[in-house]
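The values are calculated or read from the model by the stated rules, or taken from the named source; none is laboratory data. Given the structure is predicted, the values throughout are model-derived calculations rather than measurements. So basically every Cβ, Gly included, is an ideal-geometry build from the backbone, and we count neighbours across all protein chains shown. Heads up: the accessible areas ignore ligands, DNA and RNA and are worked out on the full protein's heavy atoms, side chains in. Shrake-Rupley method; radii C 1.70, N 1.55, O 1.52, S 1.80 Å.
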Amino acid sequence: MAAAPAAAGAGAGRGRRSAATVAAWGGWGGRPRPGNILLQLRQGQLTGRGLVRAVQFTETFLTERDKQSKWSGIPQLLLKLYATSHLHSDFIECQNILKEISPLLSMEAMAFVTEDRKLTQETTYPNTYIFDLFGGVDLLVEILMRPTISIRGQKLKISDEMSKDCLSILYNTCVCTEGVTKRLAEKNDFVIFLFTLMTSKKTFLQTATLIEDILGVKKEMIRLDEVPNLSSLVSNFDQQQLANFCRILAVTISEMDTGNDDKHTLLAKNAQHKKSLSLGPSAAEINQAALLSIPGFVERLCKLATRKVSESTGTASFLQELEEWYTWLDNALVLDALMRVANEESEHNQASTVFPPPGASEENGLPHTSARTQLPQSMKIMHEIMYKLEVLYVLCVLLMGRQRNQVHRMIAEFKLIPGLNNLFDKLIWRKHSASALVLHGHNQNCDCSPDITLKIQFLRLLQSFSDHHENKYLLLNNQELNELSAISLKANIPEVEAVLNTDRSLVCDGKRGLLTRLLQVMKKEPAESSFRFWQARAVESFLRGTTSYADQMFLLKRGLLEHILYCIVDSECKSRDVLQSYFDLLGELMKFNVDAFKRFNKYINTDAKFQVFLKQINSSLVDSNMLVRCVTLSLDRFENQVDMKVAEVLSECRLLAYISQVPTQMSFLFRLINIIHVQTLTQENVSCLNTSLVILMLARRKERLPLYLRLLQRMEHSKKYPGFLLNNFHNLLRFWQQHYLHKDKDSTCLENSSCISFSYWKETVSILLNPDRQSPSALVSYIEEPYMDIDRDFTEE
């Protein structure tokens, strides 16, 4: 029986069997004891002791067992790979062995990707599993990292072709064998090393796809500042490589903490925020700063995002890339969609476009070059869509980061907005052809469709770009900016300073700006469309901040209010998310605007319609409370104005009459306080607390605060549960102080949106929390002693 080569692998001791191994074999040179060899290998893989690699077996034994177990000769190939991959090897034979192993694994991976599981079901131990179990993954990691080892001052080198084979095999193993990706993610030095392999165009795509997969499961976010020569690496990428690199960046610049989720409690967010202050910037923030320090990085992203399809990479390189994608899980799904469309269009145009598997040649069916380069337009479009959605995501995250103002300035300077405006009709919101471009296993309306994902990412970018920033006026063209000025002039009010300061050379060109285009598609959107939510959010962000009459009138003149009311009342929208976004938008559109209330009353012109509208409001105050707040604030302002037009609206508008009634306000106030608790407060429902405060602040202005508190006490008693509401409200206000008094942005938003100074907010909360039970405006004055429960430490519950 031939012994395994002593020189195999990187360590000289690998050829000697440990005592544990000898025991498992029943003695040196003998047959293994009865039992499952694979189970012993799996145990060794987990513990690092015992049987862990193919080199611990003899070739004779492996060949004999292979006849019974049908391992496809993989353990024997790994044994040879150990023997030919030592430090002083020229790697020629090593590469030949890799080419023998590669097809055995790639066929399984393709079967896995295309959901053809028959192969893996019939084979007890799939090839990828056997490859990993006999130490193949660890061996390939060692081979790939050989260039990091120096011998006599010279670093070892391996060919790009060999690296490519190793990467392909590793990825296929990750696809099919559970746990491999996580193990690779734990090897931080290997993950960092992988970035260096992206310097070569030959290995770029394989490396990028493997890195993306690894980072997706890595527990701790990688730091880009640890990547050697990051700036040089990224600067040398061509546009196609940079677009693919954005897939990796999407993982490295987004906060991993779920505390950024709107449904995550504010208590948890605040605790995380305090923790992060002591720890310094997060890895995501460090990575964002590292990218922004790379010369020309944002400019190149803007060019990619606004590049027209005709300017994209030539068909030959795209075809080559598609062939590379053929063996990769994520991109193979895209290729599946592309190929089906290509076949349909080819049949229609009598032009054949065939994409062979890797390694195919003219002799085995690859058509001539002239036929291969007849790439259908739909493929070019999909190619560009896949790139743009990744680029837009990265830009969107950077826009929401710590360097927001810097990114805003650069995005404006490099004309991202006018560029997207030019692409709006032909690419971003293009009409679907009869053959819907969707991913394998999905349908046209699935949010995973590249077309739909691009639209949503585009809308999220617009939302981030417009939100509380004067650059939002870049969404208009010159004619529309002039229209804003004319609206202000006619109303005899000062022009908005941000409009006057807008650089006209950076705004949209053409007949319509981006905001107007968005309104047009928004009004045409089907009732069940998933885009309605994102469209409303993007338009609402344009109105957020200090209320602008001109901005509101610009949108009112384009029929936005009537469209919203149609969706809420006539279509009786059922989606809670869409309803919330429409109520929020309606509130911003109508706030303090007499003309908007006149339009509202003209549309809601019957009691039946008004009752439907109220039913939608009352069905979920979490969704509608922002509208309730805006109407309440508007009512207060109108009541203090001496104007015939305002007086007419006050006397005729059903909504204002409804909100003006004290029982209505008390009903809203009671429910708003009752549906939230400190432990359940989120970014989504904290608005209920602020709306309840607005109602009480306006009551305080009118010296009616004690009346409202007394009415709340009576409502408590009528529910046979005295103290439960006011104790809860007391806790909520204590949390409010902790949450808002240390966050400048939140306080500014409250002040701008309500036109009530933040000092008045703080004073009102302090008055309500006054511990003096003799104070007529203190909550404790209305909670009877036996039911008092105001000192609870909610931070520890």
Could you order the peptides 534-540, 240-246 from most to least packed, using the average number of other C-beta atoms within 10 Å per residue? 534-540, 240-246
Ignoring everything but the protein chains, give the 1.4 Å probe accessible area of Phe758 in square angstrom, nearest 10. 30 Å²
Nearby lysines by direct alpha-carbon distance to Lys201 (threshold 16 angstrom, same-chain neighbours under 8 apart not counted): Lys164
Can you tell me the order of 692-700, 608-616 when each peptide is scored by its average per-residue count of other Cβ atoms within 10 angstrom, highest first? 692-700, 608-616
Give me the 1.4 Å probe accessible area per residue for region 510-587, excluding ligands and nucleic acids, in Å². 34 Å²
Hey, if you put +1 on the Cβ of every Lys and Arg and -1 on every Asp and Glu Cβ in region 502-590, which of Thr516, Met590, Leu560 ends up farthest toward the positive end of that dipole? Thr516
Which pairs, out of Lys218/Lys415; Lys455/Lys609; Lys99/Lys388; Lys415/Lys455; Lys615/Lys720, put more than 24 Å between their alpha-carbon atoms? Lys218/Lys415; Lys455/Lys609; Lys99/Lys388; Lys615/Lys720
Glu684 accessible area, 1.4 Å probe, all protein chains in place, Å² to nearest 10: 50 Å²
Report in % the part of the accessible area of region 509-586 that belongs to carbon and sulfur, leaving out ligands and nucleic acids; probe 1.4 Å. 51 percent
To the nearest 10 square angstrom, how much accessible area does Asp225 have with a 1.4 angstrom probe? 80 Å²
Give, rounded to the nearest 20 debye, the magnitude of the charge dipole that region 701-785 has about its Cα centre when Lys and Arg contribute +1 at Cβ and Asp and Glu contribute -1 at Cβ. 260 debye
Count charges around Pro722 for me, please; just the other residues with Cβ under 9 Å from its Cβ, Lys/Arg as +1, Asp/Glu as -1. 0
Leaving out ligands and nucleic acids, note down the accessible area per residue over region 598-687 with a 1.4 angstrom probe, in whole Å². 43 Å²
Run the numbers for Phe190 and Val646: contour at 0.36 nm per residue of separation, minus the present Cα-Cα distance, in nm. 157.2 nm
If packing is taken as the average count of other Cβ atoms within 10 Å, what order do 395-408, 589-602 fall into, highest mean first? 589-602, 395-408
Going down the table (Lys269/Lys574; Lys557/Lys598; Lys490/Lys557; Lys523/Lys574; Lys472/Lys557), which pairs top 21 Å between alpha carbons? Lys269/Lys574
Principal axis lengths of region 547-637 from Cα atoms, whole Å, largest first? 32, 23, 22
Of His717, Trp761, Tyr658, which is farthest on the positive side of the dipole of region 645-795, counting Cα position, with +1 on Lys and Arg Cβ, -1 on Asp and Glu Cβ, and the Cα centre as origin? Tyr658
